[in-house]
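*Asks:* Got a structure for you, questions after.
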């Protein structure tokens, strides 16, 4: 929660650092699922299946897209929370 | 084509055109803010829908499913590349550029790097990217009119251009946004309805995304298993296997290049300038991807199921491939095969003169030799299969009513026009706002700028129409260039402008130019200088590519060159002035006190 006694610049610096951490986490999942599971590990994952889909194929043509969608909505939700914590939420 | 079908086709397309014109009359604009960014008053969900239409081009609608069907597993590069870019856009660009709060992408680059030169370099990148892209859209309008509606290309293109003229010149971004929403509805309906019916027919499951992973009606075999097996029996590689298609390195690089290229396309970025608040920009990117994903997760099902349909039509008994009775007789071709044969997009030749169609992988020497020896086959008899057929012929293959065939035509046209309009706005605002107001005539009145914006829009439409009627031979090659350039020039520079406060004018300009030159040089080495093939320095195949990298996948290497050069130059030149560092601070925070 923001403290009116804090220097706004310090708050802003902290807000940005936290934002960068959230972005890094999201991009890790983005790269791991899309480029990792969908491409690099796809051959191995094709030994398993989800329904009638070989798993690597599913990640390359379906699963990665669903994951990207979840990442963006998570980021939007998480940043709204962060904006409120640091009192920079727009009204 | 039957007369009644022709009338229904023209009626459905005519109704959609009337709708777009109605929106044009309703959404006229009076200020530059309305013209460039729709007055920043678009609801984030509505903007997501408009972004989806803006983004999904004629290529996404007409060609992508066929491309995936052709590539199999590695077609995932296009699916992931063209959707994963939205994650980068939502996390790294959209909220900050919206906070900056002006009208165009080059304007941000010019202000952030306190340099008119940087702004002009950005305008050049934008124009090359957008104009090459527009050519592809005009081709899409042509395909829809000429192949489905059987209307002469000239008539189709001119009527399409006329409608865009009405809503883009008078309505600007506001008119374009509301028409894009209508166009999204037309295209998603046109895409999913045939897909649902085909999925129902093949698997009994109405949701294509689930149908693709299901068993076939009246059988215990999974669709993908049967598809894999049948392709192997015909000498091809498995549909779902990672071998075949492109190499893993190229798939990886192509995916990354398309992702950062997508995030760097100015006509898409500018859509996030139209929402009221920074948090709307983040959410709107999610909605955009949601509306895009509906089509993009359906496309793999359409591609695989249409391929299956084609094989299933040509092979009567897939347990006994090679026996004469197992293959379709030419005399028994279904009506849709004959009709598409007439368009030339599908062609057969009875090479061994046995009156039956044999389709197999003649390029697989071992298999071809065996087939000749054992089956008496003398070459694959499916001599032409245009990839666009996969989507265009879908409703007929599924035996759907005639009005749905008309809807596919209207959907293809909607996809092409909505993307064209977004590109035309990016082109015209970079001319009237960045070049005219920003560089040549800073004291121009708002009224004068509005007139200039409308005139440059009209000019851009005429240029696009001309290029659509007289497409340069290299049109298809150039679309790959557009993504490579966006990836190598605009995306890294925008990102460094936000995330690296010390990035300065010299670094940004040098970086953009380095990214551009490296990418162009690599593409021209294999495709020929300015795409004249006789000027190519090396043959365009894997043996000659640097580390086996396809020129189409090279954008990411150009982006790395941009970043490296920017950092090195920024280290040895003066840091940006204090007020610029304050500007960067301010775009990082949603609410300025």
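*Asks:* Report the gain in length on full extension from residue B:579 to residue B:363: 0.36 nm times residue separation, minus Cα-Cα distance, nm rounded to one decimal. Intermediate values should be presented prior to the final figure.
*Replies:* Values: separation 216, 0.36 × 216 = 77.76 nm, distance 6.35 nm.
Difference between extended and current length: 71.4 nm.
*Asks:* Please determine, in degrees from 0 to 90 and to the nearest 10, the orientation of helix B:76-88 with respect to the longest principal axis defined by the Cα atoms of chain B, where the helix direction is its Cα long axis.
*Replies:* Relative to chain B, helix B:76-88 is tipped by roughly 20 degrees.
*Asks:* Once you sort the root eigenvalues of the Cα gyration tensor of the stretch B:139-205 as a ≥ b ≥ c, which label holds: rounded (a/c under 1.5), prolate (a/b larger than b/c) or oblate (the other case)?
*Replies:* It comes out oblate by the Cα gyration axes.
*Asks:* Let me know the Rg and Dmax you get for the stretch B:187-301 when you use only its Cα atoms, in Å.
*Replies:* Cα-based Rg and Dmax for the stretch B:187-301 come out at 18.7, 57 Å.
*Asks:* I want to make sure I understand the PRE zone here: with the label point 7 angstrom from the Cα of residue B:249 toward its beta carbon, which residues in the stretch A:34-60 have backbone N atoms less than 19 Å away?
*Replies:* A:35-36, A:39-43
*Asks:* Per residue of B:223-231, how many C-beta atoms from partner chains lie within 10 Å of its own C-beta, taken as a mean?
*Replies:* 2
*Asks:* Averaged across A:78-89, how many Cβ atoms of other chains sit within 10 Å of each residue's Cβ atom? Before the final figure, lay out each step's value.
*Replies:* On the way: counts 1, 8, 4, 0, 1, 6, 0, 0, 3, 2, 7, 5.
Going residue by residue through A:78-89 and averaging, the value is 3.
*Asks:* Determine the relative contact order of chain B: mean sequence separation of Cα pairs under 8 Å and six or more apart, normalised by residue count, in whole percent.
*Replies:* 27 percent
*Asks:* Work out, in µm²/s and without decimals, the Stokes-Einstein translational diffusion coefficient of chain B at 25 °C, 0.890 mPa s, Rh from Kirkwood over C-alpha pairs.
*Replies:* 98 µm²/s
*Asks:* Would you list the P(r) distribution for the stretch B:235-292, with all Cα-Cα distances sorted into 10 Å bins from 0 and each bin expressed as a whole %?
*Replies:* For the stretch B:235-292, the pair-distance distribution reads 18, 34, 23, 18, 7, 1.
*Asks:* Any number yet on Rg/Rh for the stretch B:58-131, C-alpha, Kirkwood? Intermediate results must be reported in sequence, preceding the final value.
*Replies:* On the way: Rg = 16.8 Å, Rh = 14.9 Å.
Looking at the stretch B:58-131, the ratio lands at 1.13.
*Asks:* Can you put B:434, B:233 in order, fewest other beta carbons within 10 Å first?
*Replies:* So the residues, fewest neighbours to most, are B:233, B:434.
*Asks:* Follow-up. Please give the FRET efficiency for residue B:318 paired with residue A:43, using the beta carbon to beta carbon distance and R0 = 30 Å, rounded to the nearest 0.05.
*Replies:* Step by step, r from the Cβ atoms, then E = 0.70.
*Asks:* Before anything else, pin down the relative contact order of the stretch A:8-85: Cα pairs under 8 Å, at least 6 apart, normalised by residue count, whole percent. Each step should come with its number before you reach the end.
*Replies:* Numbers: 51 pairs, mean separation 22.5, N = 78.
Relative contact order of the stretch A:8-85: 29 percent.
*Asks:* Now a separate question. What nm value, rounded to one decimal, do you get for the distance between residue B:443 and residue A:81 when each label is placed 7 Å out toward the C-beta?
*Replies:* 5.5 nm
*Asks:* Within a 10 angstrom radius of the beta carbon, how do B:267, B:579, A:91 rank from fewest other beta carbons to most?
*Replies:* Ascending number of Cβ neighbours within 10 Å: A:91, B:579, B:267.
*Asks:* At what distance in nm do the modelled label points of residue B:5 and residue B:339 sit from each other, each positioned 7 Å from its Cα along Cα→Cβ?
*Replies:* For residue B:5 paired with residue B:339, the spin-label model returns 0.2 nm.
*Asks:* Viscosity 1.567 mPa s, temperature 4 °C: give me the Stokes-Einstein translational D for the protein assembly as shown in µm²/s, with Rh taken as the Kirkwood radius over C-alpha pairs.
*Replies:* Taking Rh from Cα pairs, D becomes 50 µm²/s.
*Asks:* Moving on to the next point. How much space per residue, in cubic angstrom, does the convex hull of the C-alpha atoms of the stretch B:355-514 take up?
*Replies:* 252 Å³
*Asks:* Run the paramagnetic zone check for residue B:210: 7 angstrom along Cα to Cβ, then residues of the stretch A:33-67 with backbone nitrogen under 15 Å.
*Replies:* A:51-53
*Asks:* Which ordering of B:30, B:430, B:63, B:4 is given by a fewest-first count of other beta-carbon atoms within 10 Å?
*Replies:* Exposure proxy ranking, most exposed first: B:4, B:30, B:63, B:430.
*Asks:* Sticking with this structure for a sec: So how much slack lies between residue B:586 and residue B:374, counting 0.36 nm per residue of separation and subtracting their Cα-Cα distance, in nm? Intermediate results must be reported in sequence, preceding the final value.
*Replies:* Working: separation 212, 0.36 × 212 = 76.32 nm, distance 7.42 nm.
So the extension gain works out to 68.9 nm.
*Asks:* Continuing with the same structure: How big is the shadow of the Cα convex hull of the stretch B:350-401, averaged over all directions, in nm²?
*Replies:* 4.7 nm²
*Asks:* Would you calculate a helix-derived [θ] at 222 nm for chain B, using -39,500 (n - 2.57) for each DSSP H run of n ≥ 4 and dividing by the full residue count, to the nearest 500?
*Replies:* -21000 deg cm²/dmol
*Asks:* Stretch residue B:384-residue B:219 to full length: gain in nm at 0.36 nm per residue minus the Cα-Cα span?
*Replies:* In short, 56.3 nm is gained.
*Asks:* Which Rg and Dmax, in Å, describe the Cα atoms of the stretch A:8-85?
*Replies:* Final numbers for Rg and Dmax: 16.6, 55 Å.
*Asks:* Using mean Cβ contacts within 10 Å as the protection proxy, how do B:516-529, B:120-133, B:216-229 order, highest first? Don't skip to the end; give the middle numbers.
*Replies:* On the way: B:516-529: 19.4, B:120-133: 23.1, B:216-229: 16.6.
In decreasing order of mean packing, B:516-529, B:120-133, B:216-229 become B:120-133, B:516-529, B:216-229.
*Asks:* What average count of beta carbons from other chains do you get within 10 Å of the Cβ of residues in A:30-36?
*Replies:* Average per residue, whole number: 4.
FYI, it's all coordinate maths here, none of it is from the lab. Source: prediction; values computed, not measured. In this analysis, Cβ positions are derived from the backbone assuming ideal geometry, glycine residues included, and neighbour counts consider all displayed protein chains.
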